[in-house]
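Before I ask anything, let me first share the structure, which is written out below as structure tokens.
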Amino acid sequence: MAGATFHKLLIANRGEIACRVIRSARELGYRTVAVCSEPDREAPHAALADQAVMIGPASAAASYLNIERLLDAARATGADAVHPGYGFLAENAAFAEACAKAGLTFVGPPAEAMRLMGNKAAAKRRMLEAGVPCVPGYQDDDQDPQRLRKEAAKIGYPVLIKAAAGGGGRGMRLVSDEAGFDDALESARSEARNAFGDDTLILERAVQSPRHVEVQVFADTHGNVIHLGERDCSVQRRHQKVIEEAPAPGVTPELRAAMGEAACQAARAINYVGAGTIEFLLDRSGEFFFMEMNTRLQVEHPVTELVTGQDLVAWQLDVAAGHPLPLSQEQVALRGHAMEVRLYAEDAGQDFLPQSGRLLAWQPPAGAGVRVDAGIAAGFEVSPHYDPMIAKIIAFGDDRDSARRRLRNALAETVVIGPVTNRLFLMDCLEHQTFAAGEATTHFIGDAFADGWHWPEPSHSFRALGSALLYHLQRTPQPVLLADWHSIGVCERPLRARAGETTFAATIMPRGDDTYGVRLGEEDIEVALLALSDDRVRCMVGGVESVVHMAREGDLLYLQAEGEESVFEDVLLSRAAGVGDAAGDGSVRAPMNGAIIAVHVAAGEEVTRGQRLAALEAMKMEHVLKAPVDGVVKKVNIKTGDQVATRQVLVEIEAAGQPGD
């Protein structure tokens, strides 16, 4: 790989993305420069690079999206190339042009290709001209709501409204009938404007129960364009991917060749260079339609790397240095199966609400066929300013089912304590019979969890362990004989505890040697604490020995086992310390840290249940806050632009029928 025209690479990204690029760049002999915002100053990606430059405050707009700050960092360190990663400025044509103007090699496609494919309307028009099959829809410039409503009726419901400048599911709404069109249009337009600064929309026919299959393409400056097979990304929530795999289940060699050729045709039509992904919708008949092109490396590229045996970041660097692709189409061979999940800080039990907070414990899985791409460490803060993905966990196997089993076991071994995550939800998805059979479509999550995904109730054994530990860790530090006995025998100590949203009563009966009887209802369970440290407990519960991971934060006790996790709290102790119950029905609290982007009501205004009160932007998503009751607004504690914290009371409503102050 001699002859590279650059020597030091600045990675204009953060977290696992930056770590991933740094590893490949260093293996190829390039020096690396990381950039970091103020809260990321101690982040792993900053420590992994040869040099690091602080580029601004927490806000992405003032740091990771600030082109001048990034160029200043390159000048200050002598970097002569920039890799944008994936996300942030990775598909920003202005950034690519600014890098070129500054004399920096941009590791990515030409700016014109990014600009063309970054607009869904223009991209679709170009693909239609190139003969690439596309979903029927409307992608013209006239954005008048009446025109859009007429075009939706012409296409036929259900219809997808999509942000022309967007991606990642932002600015996208599925409309089932004409009655819901206007509200969906307004919501999509608002989210698109806030996310991309462009509220242009396109319409598409909603393909029924499709699979989302994408093809990895690569092109060099010597005229070579090839594909490296496909990935199935059908398992999604809010139009964002959750599980990805390669190769796609059910795709025959003939269909793979046809989709691959269409993808290469799309890349040739825009004179593409570098790594790109052509995304298709595949229906049950085997017909496929162009959806969009991502002009960058994808988050899910590791599954393609595992089945092809290639390092795609190394390919990107080679192409940027002017070298031809290392393989021809005939030399690309797929072997085995790979599967990836995105471990997010989000509450799958509350419609995948993003979470933030400090990671109290982090221990990634390891073992044969397991790969983890992460950029975090214990003590790391999952920030509300950035995407809440914690890590990508990937497994490889000789066939699909062995990869699936390995991935499920890897999740079981993953220790992640602090913000709520989707770990248990991912395990449920992998074990679901539809997914296991390779039959998941883009409707999988909605069909498999029709009533939503619900947190499993802690088992009696788990509650018993939590109760015993709460008592053990909080009891008066004095000899056991004095603390746990009185003149007529062993003390029985009542305990009222909360596990997640469930409050329960227990009776603790100390038996010496860190052994306790725990009475839950009519059941007595013996709990022996065999070995206890700050981060785990080896215990015997009901005659079964296991190791359970734990962490403490204030009065909260976090426990995580293979298929269970919960936060335990002594309710009586919390109340004694002055921690009140949740606010009444009329108080609307912030579901997470974020910024208020709209306030729709004022004090004294009558509201009805479900009415919009305000909009909160966090984790790159817009969240509408609605009235929980009919009533009158007593107080509005926020204004547009305010930064708010989780559980902060934003609006207070006096419920109808309740007396005033």
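Let's see how each residue does on (1) assigned by TED's automatic domain parsing to the domain that holds Asp642; (2) part of a loop (DSSP other than H, G, I, E, B); (3) out of contact with any helix residue (DSSP H, G or I) (no Cβ under 7 Å at 6 or more places or on another chain):
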{"residue": "Ala366", "(1), (2), (3)": "no, yes, yes"}
{"residue": "Ile376", "(1), (2), (3)": "no, yes, no"}
{"residue": "Ile393", "(1), (2), (3)": "no, no, no"}
{"residue": "Arg406", "(1), (2), (3)": "no, no, yes"}
{"residue": "Val420", "(1), (2), (3)": "no, yes, yes"}
{"residue": "Cys429", "(1), (2), (3)": "no, no, no"}
{"residue": "Thr434", "(1), (2), (3)": "no, no, no"}
{"residue": "Gly438", "(1), (2), (3)": "no, yes, no"}
{"residue": "Thr442", "(1), (2), (3)": "no, yes, yes"}
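So Glu27 passes all but one of these: (1) among the charged types (D, E, K, R); (2) modelled with pLDDT of 95 or more; (3) closer than 20 Å to Glu381 by Cα. Which condition number does it fail?
Of everything listed in (1) among the charged types (D, E, K, R); (2) modelled with pLDDT of 95 or more; (3) closer than 20 Å to Glu381 by Cα, Glu27 misses just condition (3).
Mind listing just one residue for me: the one in region 321-356 that is without any contact (Cβ under 8 Å) to a residue 60 or more places away in the chain and in contact with an Asp or Glu (Cβ under 9 Å, 6 or more places away or on another chain) and, of those, surrounded by the most Cβ atoms within 10 Å (Cβ to Cβ)? Spell out the reasoning first.
Looking only at region 321-356, we keep the residues that are without any contact (Cβ under 8 Å) to a residue 60 or more places away in the chain, and these are 326, 330-331, 333, 335.
Restricting the remaining residues to those that are in contact with an Asp or Glu (Cβ under 9 Å, 6 or more places away or on another chain) gives 326, 335.
Details: Pro326: 15, Arg335: 11.
If we take residues in region 321-356 being without any contact (Cβ under 8 Å) to a residue 60 or more places away in the chain and in contact with an Asp or Glu (Cβ under 9 Å, 6 or more places away or on another chain), then Pro326 is surrounded by the most Cβ atoms within 10 Å (Cβ to Cβ).
Kindly establish whether Val607 is buried (at least 17 other Cβ atoms within 10 Å of the Cβ) and at pLDDT 90 or above.
When the stated conditions are applied, Val607 passes them.
Residues checked against (1) of a type outside the set (Gly, Ala, Ser); (2) farther than 18 Å from Ile278 by Cβ; (3) assigned to a loop (DSSP other than H, G, I, E, B):
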{"residue": "Gly87", "(1), (2), (3)": "no, yes, yes"}
{"residue": "Ala90", "(1), (2), (3)": "no, no, yes"}
{"residue": "Ala100", "(1), (2), (3)": "no, yes, no"}
{"residue": "Gly103", "(1), (2), (3)": "no, yes, yes"}
{"residue": "Arg115", "(1), (2), (3)": "yes, no, no"}
{"residue": "Lys124", "(1), (2), (3)": "yes, no, no"}
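If I go through region 526-562 residue by residue, how many of them are in contact with a Phe, Trp or Tyr (Cβ under 9 Å, 6 or more places away or on another chain) and not small (Gly, Ala, Ser)?
12
Could you please let me know if Glu622 is modelled with pLDDT under 85, in a strand (DSSP E or B) and in contact with a helix residue (DSSP H, G or I) (Cβ under 9 Å, 6 or more places away or on another chain)?
Values: modelled with pLDDT under 85: yes; in a strand (DSSP E or B): yes; in contact with a helix residue (DSSP H, G or I) (Cβ under 9 Å, 6 or more places away or on another chain): yes.
It is true that Glu622 is modelled with pLDDT under 85, in a strand (DSSP E or B) and in contact with a helix residue (DSSP H, G or I) (Cβ under 9 Å, 6 or more places away or on another chain).
Arg511 fails exactly one of the following numbered conditions: (1) over 40 Å from the mean Cα position of the chain (by Cα); (2) in contact (Cβ under 8 Å) with a residue 60 or more places away in the chain. What is the number of that condition?
(2)
Quickly run through region 139-161 and pick out the residues that are out of contact with any helix residue (DSSP H, G or I) (no Cβ under 6 Å at 6 or more places or on another chain) and part of a strand (DSSP E or B).
Leu160
Scan Ala74, Ala79, Ala61, Ala52 and give me the residue that is surrounded by 17 or more Cβ atoms within 10 Å (Cβ to Cβ), at negative phi and assigned to a helix (DSSP H, G or I).
Answer to the selection: Ala74.
Also, quick follow-up: Tell me which residues, restricted to region 378-391, are out of contact with any helix residue (DSSP H, G or I) (no Cβ under 9 Å at 6 or more places or on another chain) and either part of a loop (DSSP other than H, G, I, E, B) or surrounded by fewer than 21 Cβ atoms within 10 Å (Cβ to Cβ) (or both).
If the condition is that a residue be out of contact with any helix residue (DSSP H, G or I) (no Cβ under 9 Å at 6 or more places or on another chain) and either part of a loop (DSSP other than H, G, I, E, B) or surrounded by fewer than 21 Cβ atoms within 10 Å (Cβ to Cβ) (or both), then Ala378, Gly379, Pro384, Pro388 are the ones that fit.
The values are calculated or read from the model by the stated rules, or taken from the named source; none is laboratory data. Small disclaimer: the values here were computed from a predicted structure and weren't measured. All Cβ positions, even for glycine, are placed from backbone atoms using ideal geometry, and neighbour counts span all protein chains on display.
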